1. Among the residues of region A:56-69, are any within 28 Å of A:Phe139 (Cα to Cα) and within 17 Å of the chain's Cα centre (by Cα)?
2. I need every pair where a residue in region A:119-140 that is touching a residue at least 12 places away in the same chain (Cβ under 8 Å) has its Cβ under 6 Å from the Cβ of a residue that is in a loop (DSSP other than H, G, I, E, B) and among the basic types (Lys, Arg), sequence separation at least 6 or different chains.
3. Give the number of residues within region B:42-74 that are among the polar types (S, T, N, Q), facing chain A (nearest Cβ under 7 Å) and in contact (Cβ under 8 Å) with a residue 24 or more places away in the chain.
4. If you go through region B:16-31 one residue at a time, do you hit one that is aliphatic (A, V, I, L, M) and touching a residue at least 24 places away in the same chain (Cβ under 8 Å)?
5. Which of (1) more than 16 Å from the chain's Cα centre (by Cα); (2) within 9 Å of chain B (Cβ to nearest Cβ); (3) modelled with pLDDT of 95 or more does A:Gly27 not meet, given it meets every other one?
6. Would you mind listing the strands (runs of 3 or more DSSP E) fully within region B:31-146 where at least 2 residues are over 24 Å from A:Leu49 (Cβ atoms)?
Number of protein chains: 2
Amino acid sequence: MEQRLTVITLGVNDIDVARDFYSNTLGWTPESDLGKIVFYDLGGYLPALYSHEGLAKDITAPFERKLPAYHGFTLAYCTNSRAEVDDLFVKLREKGGIILKKPQEVFWGGYSGYFQDPDGHAWEVAHNPSWRINRDGRFERIATSD
Amino acid sequence: MEQRLTVITLGVNDIDVARDFYSNTLGWTPESDLGKIVFYDLGGYLPALYSHEGLAKDITAPFERKLPAYHGFTLAYCTNSRAEVDDLFVKLREKGGIILKKPQEVFWGGYSGYFQDPDGHAWEVAHNPSWRINRDGRFERIATSD
């Protein structure tokens with residue numbers, strides 16, 4: 001299996017509420033919107049929004065209406081500075097975003113906070129001093145000198 | 001918020017079992033392995049494996065030992081042909097992978113199956129005839145002619 005991933009589908013309770021959050025609160029532009037499923041293109045890999053019922057059915061699992069607060073995964077948006085993390089949380093708060101954890105210094109040497117989307121999917125916003133986000137929005141490890 | 005995503009952290013029950021699956025069954029090479037957390041680089045965005053307990057604590061949510069079968073999200077690996085989907089499932093089965101849904105024609109016009117990783121995270125392997133995976137492993141929409 002080649003080292004790649006094409007789609008990350010997030011199950012949602014209400015596609016209109018979820019689309020509004022990603023398109024308007026976060027400000028992302030959909031790659032395509034088929035009404036029941038919305039794709040965002042992050043440079044060749046795609047988060048998608050689709051109903052919990054449809055997604056559970058697709059994997060042949062029963063759909064329990066209420067997921068636990070912890071869904072078993074998180075998504076992270078990394079920045080090149082602590083100030084970018086702080087700025088993003090200020091803007092999210094202004095737009096009514098739900099903050100799970102205020103930005104703070106964390107045990108692994110970085111600076112990080114969490115917000116959640118309308119379906120409780122957890123997003124970390126973090127600055128890792130060993131990492132750089134390049135102009136294409138991609139991760140690069142900062143070489144350490146000896 | 002720029003249109004990007006850096007890390008997708010998958011909560012796991014046993015980091016050694018999960019690492020073995022991604023590194024040996026799927027055949028991916030870690031970008032870094034800090035023992036308690038393992039990162040795989042998919043060209044500038046990183047799936048990571050980390051303990052359920054640690055991840056739930058990080059987002060300040062209670063950890064319920066057992067997640068429902070449906071975790072609220074799925075990951076998808078897209079291919080350029082149906083044969084690639086079939087081949088991958090044959091190999092996964094040989095290696096003892098757990099198949100959730102055999103590859104089959106699906107309502108949206110593609111061909112798709114699902115397997116799960118050792119922690120029950122659902123992976124779709126799909127061929128979407130409107131999509132192409134380029135040499136960099138990235139999605140491109142196939143232009144439709146009028």
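1. Within region A:56-69, not a single residue is within 28 Å of A:Phe139 (Cα to Cα) and within 17 Å of the chain's Cα centre (by Cα).
2. A:Gly137/B:Arg4
3. 1
4. yes
5. (1)
6. In region B:31-146, B:37-40, B:46-51, B:98-105 are the strands (runs of 3 or more DSSP E) which contain 2 or more residues that are over 24 Å from A:Leu49 (Cβ atoms).
The values are calculated or read from the model by the stated rules, or taken from the named source; none is laboratory data. Note that the structure is a prediction, hence the values are computed from the model and not measured. Glycine gets a Cβ as well: all are built from the backbone with ideal geometry, and neighbour counts include every protein chain shown.
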